[in-house]
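All remarks here apply to the structure that follows.
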Amino acid sequence: MPTIIDGKATSAQIRAELKEKTAKLKADTGIIPGLAVLLVGADPASQIYVNSKEKACKEIGFNSIIKRMPADSSEKDVLAVVEAWNNDPAIHGFIVQLPLPKHIDEDKVINAVSPDKDVDGFHPASLGRLVIGLPCFVSCTPAGIMELFKRYNIDMKGKHVVVLGRSNIVGKPIANLLYQKTPEANAVVTICHTGAKDFSVYTKQADILIAAVGVPDLIKAEHVKDGVVVIDVGINRVDDDTKPRGYRLTGDVDYAQVAPKASAITPVPGGVGPMTIAMLLSNTFKSASGELK
Ligand code: GUN
């Protein structure tokens, strides 16, 4: 049976480490890391994320600032909050929760965030620095995947990693991290996407498969080779009348089929998902302590 890569336990471990480091930073310098979140509108999934971010901040001793604005707020009003937070020394990092209401240009808002406080790692300057191997805030899901590789001693050097999906938030940054000539990376990377005639041509070659496409249970046993390491980034809701909520969560990988062939695999839920908040806190700590400068 494969090693189950436990993101929930790893996330708890990272948050415990951060709690200790935060107490030490405060004792040594008086600095308390401050993370702010701007939520525009009342998207139910976003509200859940934001509440769990606030809880996680409180648990490790960060200051947490949450600003909720109505869905009909103007782009100008949103940009004014971003500008104020860029200039607020008590806020070391902040994020604008996505998606934003349709009338607000997301790119414009992402561009307005100071790269010095861009703990989401979404700003083009952050992604550009990542590509050329300079210190930067790495977006939280890719950072979480790299942390899982490190903590589970999965050696990337010379491995063929196939990344399924080319989003700015996951596919592009993780692919660019993994081919860097660094001790924790140095892999050979293929990015596969909807333009491929037959994705299985690529996934069957993967020593390590990272699936981030948002298609429930897409990857089946016949799409992977024996011994593959599987990182499943998908968090998909599928209808299920047997569940009290009427749905269940599943990844992009058909776990029941693929796990028996894998040497290591992340479950959904409890794999990559819980790592995201841990890395958001970690990025905020780096900003507060000046680790990135
Ligand atoms: N919406 C869902 N996930 C995220 C995230 O990681 N950052 C932001 N800003 N919005 C999100």
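The values are calculated or read from the model by the stated rules, or taken from the named source; none is laboratory data. Fair warning: this is a prediction, and the values are worked out from it, not measured in the lab. Heads up, the Cβs are rebuilt from the backbone with ideal geometry, glycines too, and the neighbour counts pull from every protein chain shown.
Going by the conditions given, is residue 98 in contact with a Lys or Arg (Cβ under 6 Å, 6 or more places away or on another chain) and either under 29 Å from residue 236 (Cα atoms) or modelled with pLDDT under 95 (or both)? No, not satisfied. Which of the residues belonging to segment 92-110 are within 10 Å of the ligand (Cβ to nearest atom) and either more than 13 Å from residue 77 (Cβ to Cβ) or touching a Pro at 6+ places or on another chain (Cβ under 9 Å) (or both)? Within segment 92-110, 94, 95, 97, 98, 99, 106, 110 qualify. Return the only residue of 25, 35 being assigned to a strand (DSSP E or B) and surrounded by 13 or more Cβ atoms within 10 Å (Cβ to Cβ). From the options 25, 35, the qualifying one is 35. Can you confirm whether residue 42 is in contact (Cβ under 8 Å) with a residue 24 or more places away in the chain, over 19 Å from the mean Cα position of the chain (by Cα), farther than 22 Å from residue 139 by Cα and surrounded by fewer than 16 Cβ atoms within 10 Å (Cβ to Cβ)? For residue 42, the condition - in contact (Cβ under 8 Å) with a residue 24 or more places away in the chain, over 19 Å from the mean Cα position of the chain (by Cα), farther than 22 Å from residue 139 by Cα and surrounded by fewer than 16 Cβ atoms within 10 Å (Cβ to Cβ) - is met. Residues in segment 191-210 that are within 14 Å of residue 262 (Cα to Cα) and touching a residue at least 40 places away in the same chain (Cβ under 8 Å): 203, 205, 206, 207, 208, 209, 210.
For segment 217-249, a residue qualifies if it is in contact with a Ser or Thr (Cβ under 8 Å, 6 or more places away or on another chain) and either closer than 16 Å to residue 4 by Cα or outside any strand (DSSP E or B) (or both), and the qualifying residues are 217, 222, 223, 224, 227, 228, 229, 230, 231, 232, 233, 234. Only one of the numbered conditions (1) within 13 Å of the ligand (Cβ to nearest atom); (2) hydrophobic (A, V, I, L, M, F, W, C); (3) touching a helix residue (DSSP H, G or I) at 6+ places or on another chain (Cβ under 9 Å); (4) more than 12 Å from residue 284 (Cα to Cα) is not met by residue 50, and that is (3). Taking residue 209 as the residue in question, decide whether it is modelled with pLDDT of 95 or more, touching a strand residue (DSSP E or B) at 6+ places or on another chain (Cβ under 6 Å) and under 18 Å from residue 171 (Cβ atoms). Yes; evaluated as a whole, the condition is true for this residue. Only one of the numbered conditions (1) at pLDDT 95 or above; (2) buried (at least 16 other Cβ atoms within 10 Å of the Cβ); (3) not charged (D, E, K, R) is not met by residue 66, and that is (2).
Within segment 258-268, restricting attention to residues that are in contact (Cβ under 8 Å) with a residue 40 or more places away in the chain and either among the small types (Gly, Ala, Ser) or farther than 17 Å from residue 207 by Cβ (or both), the residue that is surrounded by the most Cβ atoms within 10 Å (Cβ to Cβ) is 262.
Quick one: would you say residue 155 is touching a helix residue (DSSP H, G or I) at 6+ places or on another chain (Cβ under 9 Å), farther than 20 Å from residue 5 by Cα and either acidic (Asp, Glu) or within 16 Å of the ligand (Cβ to nearest atom) (or both)? No, not satisfied.
Restricting attention to segment 111-142 and to residues that are within 13 Å of the ligand (Cβ to nearest atom), under 21 Å from residue 165 (Cα atoms) and of a type in the set (Val, Ile, Thr), the residue that is surrounded by the fewest Cβ atoms within 10 Å (Cβ to Cβ) turns out to be 141.
Do we have any residue at all in segment 250-264 that's part of a helix (DSSP H, G or I), farther than 25 Å from residue 118 by Cβ and polar (S, T, N, Q)? Scanning segment 250-264 turns up at least one residue that is part of a helix (DSSP H, G or I), farther than 25 Å from residue 118 by Cβ and polar (S, T, N, Q). When residue 149 is tested against (1) touching a strand residue (DSSP E or B) at 6+ places or on another chain (Cβ under 6 Å); (2) away from the ligand (no atom under 16 Å from the Cβ); (3) of a type outside the set (Asp, Glu), exactly one condition is not met: (1). Scanning segment 54-69 for residues that are under 20 Å from the mean Cα position of the chain (by Cα) and of a type in the set (Gly, Ala, Ser) yields 56, 64.
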